[in-house]
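Step one of this worksheet: look at the structure below.
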Amino acid sequence: MGALLTVDDVHVRYGDLVALREVSLSVAQGEVVCIIGPNGAGKSTLLAAVAGGVTPWRGAIRFGDVDVVGIRPEVVARQGLSLVPEGRHIFGTLTVDENLRIGGFIHKGRADAKADYERLLELFPRLRERLNFPAGRLSGGEQQMLAVARAVMTRPRLLLVDEPSLGLAPRIVDQIYEILLDLRRREGLTLVINEQSSNRILKHADRIYVLRGGRIQLEGRAADLADGEAIRSAYFGFGSPATLEGVAP
Amino acid sequence: MIAFLQNLIDAVSLGSIYALTALGIGLLFGILRLINFAHGDYITIGAYALIVPSADVTARLMIGELPLVVMTPLICLIVVVVALLSDVLVFRPLRRASSPTLMIASFAVSYIIQNGVMMFYGARPKAVDLWSGANTQILIGDLRVPMLQLIILVVTLVLMAALTLFLRKTPYGIQMRAAAEDFRMATYLGVRGNLVIGLAFAISGILAAAVSLLYTTQSGSLSHTMGLPLALFAFVAVVVGGMGSLVGAVVGGFAIGIIVTMLQAYLPPELRAFRDAFAFAFVILVLLVRPAGLVPSRTTFERV
Amino acid sequence: MRDFLIRHQTPALLVAGLVIAAALGVLTGNETAQVTLTEMFIRLVVVIGLWVFIGNSGIISFGHIGFMGIGAYAAAWATAEPSFKQIMLSGLPVFLQENQYPFVFAILGATLLPALVALLLGAALMRLAGTAASIATFAVLMIVNSVYANWDSVTAGSSSIIGIPTVVGPWVAVGFAAGAVITAYLFQISRLGLMLRASRDDEVAARASAVEVKRMRLVAFVLSAAIAGAGGGLYAQFLGILTVDPFYLGLTFITLAMLVVGGMSSLSGAVAGVFAVTIIVELLRLAERGVPFGSVTVGLPLGSQEIGLGVLMALILIFRPNGLSNGRELVWPRRAPTDEAAARKAPSAALAGEAAPSP
């Protein structure tokens, strides 16, 4: 099975600060890959780089057959890659309905978008009840659902989700994961999910990468890492001398 | 009472002009965080496009002589092209620049356009008689209402309604509102950034062209700096209304129109010359009381 | 002494450069060159004033030419011929009408009056967020223009004030330019200047203490208005005749263009921009006047100078957003810090220099 996404030796710099270095990873069609790491590890930067929001200083990113480095986010999105960013970024003054339709405007065939819209509302009944609400008035969990639904409206092959559990009650987070995995089952969606903690993700992910200080510290199949010991040491950097990377120029 | 109503009509008509100008400026600010100084010069270009290009003191109408249904779209087209050119040549290369940089860049664009107009048309103001029929007066009770003022008000209301419908009901309108709220997120969802921005420039060009026609009909003269006071009052209107809010821009425009007209009417004669100083001082006072403007925008994250 | 100069080499080098430029200009003995040079130094004072606010706070001001105008009129009130003032400026207080004060008082007035106005207006304006504040500074320009153009009894607004002693030549002007550079430098390295720049560079820090930021901005605003006002005073005493017209958008544009071209985040940039823009404008002006080819004169059409300046400014913004100086300060080549970051962050470098133990 060929890789849907390949990240090869990517470095990202913000001025003098190196946010990512030598990051390489690959995601196969249909996989659920989780990237875990502490706050500031570079997880969001990695997803932004893949989605075209940040241009790497070095390295290659291939999505399907396309090299997406230096390509604008809207073009990447049209290739079938969608990002649900950290903090959800729903359009608060637009209605729930408008937020959803934005995602569908990518497609010329309106009929498809209409069908997607109906299908997603079945998955997210809470959103249907609030279609004409300004999205800013939804609860945090509803906003997260809207953000996911809106991204799925673009009909992605690959969905990147940045910290879906941030600031939400565990019960809501479970629901969101259920929906994400359901989408994967039904639509063959490939998922890359960022999380700060590995608790929930070990159950759901096929493979896991641990990112710290801008570097990949550990990579492996979720089944092999199930006891959590290797993840913990990679996450906190015990026994590793290179704890200050990413700050040095 | 009649005198007050008469003044009020003047105020609303002047306010309409400011509101239309402020709307064009506010629209671009919403999406690009650009305060476009060149907006006033778009208005100037629309006005000069009416006449034969020459440095002669007397102006001869060219496009301005055509029937209204031909002239209006033609003037709009010219102004839209200029607005889009300024985007492509100057603002597009500055997409990642900060808000102050954009503001200075638009100041440069404004300077270039103004001096360009002066180069081709000469520095002296020119008299034009665009549509003298519009200056007849209608009697409503004891009120004498110049027909032009009614036209200005109607055109303003129609344009505002059209813009509202566009923003609420059309896919591109929804995309523009999304981009205004969170540009990066909109592009992550496949919204074409340059297209939406170009559209905003085009709409702001149409609004400017409308002001060109209305204002030139009213004033009957052209000068290469004619757009400047309009733009300056409109900037202030945008700030007074609340930056980032289109409703605010309109409210601010009408507020400034009313302030200026009422000062003109009710200041003691010896102070009337200082009308603009009073108007701007009043604006500073308003901002002291409401630093976020009359209609504070919930969406715009303004930097400190 | 040597150590002192090394530590403060940026202002030392800038002042030395200014004095050399003035000396060269005077040595040519060319009247036109001296006039151009004097005008350039006066503009330098104004641009430095502008930089004190913009460079440190990051907020663009369009109002400082208003302060320059206030300063110019203050100087004119102090020094114009009493006979003229009694007839034309009957609204002035008697002590101004009947006396002619020396240059020093004129400049003092030209500094203090704009500072006072800036304090009053700034207290309101600095409450606004960045972009809104910038637009509001336009209101300042408008108010000053409207008042001074129409208040005939004190400004002779519709005509002009004449009979102002022309005491400002290249040497006086360069003296003030040097003074402005040193003042701006001292402000830049002061605790307040450093904090203000930190608030510009790091918005999060700025938000943490909004009240403090507003106060610091106000101080910078008042100081910069004072310097720009001094520039106005010099301008009045250089021309000898004063009208309201020059203190409006044209000059606002040229001074801002100078800052942009030089690079508004460094003091050296402000100085470099004044030199560069003056040279370019003079060249364009020459080109407008035309070059004779036999019987025909080939020249650029009138207005090319302005359009050229506008285009230059746009090009700089696009291709070199930090200006000619690239945001760095002028340092003696051998002593230049090798670390790129240190050079870019001039104030912290200056601070480090001060903290270093002296041998």
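Values quoted throughout were computed directly from the atomic coordinates according to the rules given, and no laboratory measurement underlies them. The structure presented is a predicted model; accordingly, all values stated were derived computationally and were not measured. In this analysis, Cβ positions are derived from the backbone assuming ideal geometry, glycine residues included, and neighbour counts consider all displayed protein chains.
Per-residue counts of other Cβ atoms within 10 Å, averaged by peptide: what ranking do you get for C:276-282, B:42-48, highest first?
Those peptides, ordered most packed to least, come out B:42-48, C:276-282.
Report the FRET efficiency, 1/(1 + (r/R0)^6), for B:L271 and C:I241, where r is their Cβ-Cβ distance and R0 is 30 Å, rounded to 0.05. Please list the in-between numbers first.
Numbers: r = 28 Å, r/R0 = 0.92.
Between B:L271 and C:I241 the formula returns 0.60.
What do you get for Rg/Rh over segment A:7-64 if you use C-alpha atoms and the Kirkwood form of Rh?
0.95
What average count of beta carbons from other chains do you get within 10 Å of the Cβ of residues in B:110-117?
Taking all residues of B:110-117 together, the mean is 6.
Which of A:L202, B:L246 comes first, and how do the rest follow, when ranked by fewest Cβ neighbours within 10 Å?
Least to most surrounded, the residues fall as A:L202, B:L246.
In debye, nearest 20, what is the charge dipole magnitude of chain B about its Cα centre with +1 on Lys and Arg Cβ and -1 on Asp and Glu Cβ, if you could check?
Charge dipole, chain B, about its Cα centre: 780 debye, nearest 20.
In whole angstrom, how long is each semi-axis of the equivalent ellipsoid of chain B, when you take the square root of 5 times every eigenvalue of its Cα gyration tensor and sort them from largest down?
Values for chain B, descending: 30, 25, 19 Å.
Hey, what number do you get for chain C at 222 nm if only DSSP H runs of n ≥ 4 count, each worth -39500 (n - 2.57), divided across all residues, to the nearest 500?
Working: 18 runs with 264 residues, N = 359.
Result for chain C: -24000 deg cm²/dmol, rounded to the nearest 500.
What whole number of Å gives the distance from the Cα centroid of segment A:112-149 to the Cα centroid of segment C:293-332?
54 Å
What are the ³J(HN,Hα) values, in whole Hz, obtained from phi via the Karplus relation 6.51 cos²θ - 1.76 cosθ + 1.60 with θ = phi - 60°, for each residue of segment C:149-162 in sequence order, with x given for Gly and Pro?
With coefficients 6.51, -1.76 and 1.60, one gets 6, 10, 8, 4, 6, 10, 10, 6, x, 6, 10, 8, 8, 10 Hz.
Positive end of the charge dipole of segment B:2-224 (Lys, Arg +1 and Asp, Glu -1 on Cβ, about the Cα centre): tell me which of B:V109, B:A3, B:M185 has its Cα farthest that way.
In segment B:2-224, that residue is B:M185.
Given H placed on each backbone N at 1.01 Å, which residues far from A:L5 in sequence or on other chains put an amide H within less than 5 Å of it?
A:V27, A:G64
Kindly provide log₁₀ I(q)/I(0) values, in the same order as q = 0.09, 0.11, 0.13 Å⁻¹, from the Debye equation applied to equal alpha-carbon scatterers of chain A.
Summing over Cα pairs of chain A leads to -0.38, -0.57, -0.80.
How large is ³J(HN,Hα) for each residue in segment A:116-128, as worked out from phi by the Karplus curve 6.51 cos²θ - 1.76 cosθ + 1.60 (θ = phi - 60°), to whole Hz, x for Gly and Pro?
So the Karplus estimates, Gly and Pro as x, are 4, 4, 5, 5, 5, 5, 5, 5, 10, x, 4, 5, 4 Hz.
For A:L83, enumerate residues with amide H under 5 Å from its amide H, sequence gap 5+ or separate chain, H modeled in the peptide plane.
Under 5 Å from the amide H of A:L83: A:L160.
Given segment A:121-197, report the % of alpha carbon pairs whose separation exceeds 14 Å.
In whole percent, the share of Cα-Cα pairs in segment A:121-197 beyond 14 Å is 61.
Roughly how compact is chain C, stated as its Cα Rg over 2.2 N^0.38 Å to two decimals?
1.01
Karplus couplings for segment A:8-23 from phi (6.51 cos²θ - 1.76 cosθ + 1.60, θ = phi - 60°), rounded to Hz, Gly and Pro as x?
Values per residue, Gly and Pro as x: 10, 6, 8, 10, 10, 10, 10, x, 8, 8, 9, 8, 9, 9, 6, 8 Hz.
Taking each residue in B:264-277, count the Cβ atoms of any other chain within 10 Å of its Cβ, then average. What number comes out?
3
Can you give the percent of C-alpha pairs in the protein assembly as shown whose distance is more than 52 Å?
Percent of Cα pairs beyond 52 Å in the protein assembly as shown: 25.
Using alpha-carbon positions, what is the distance between the centroids of segment B:1-16 and segment C:140-160, in Å?
Measuring centre to centre over Cα atoms gives 28 Å.
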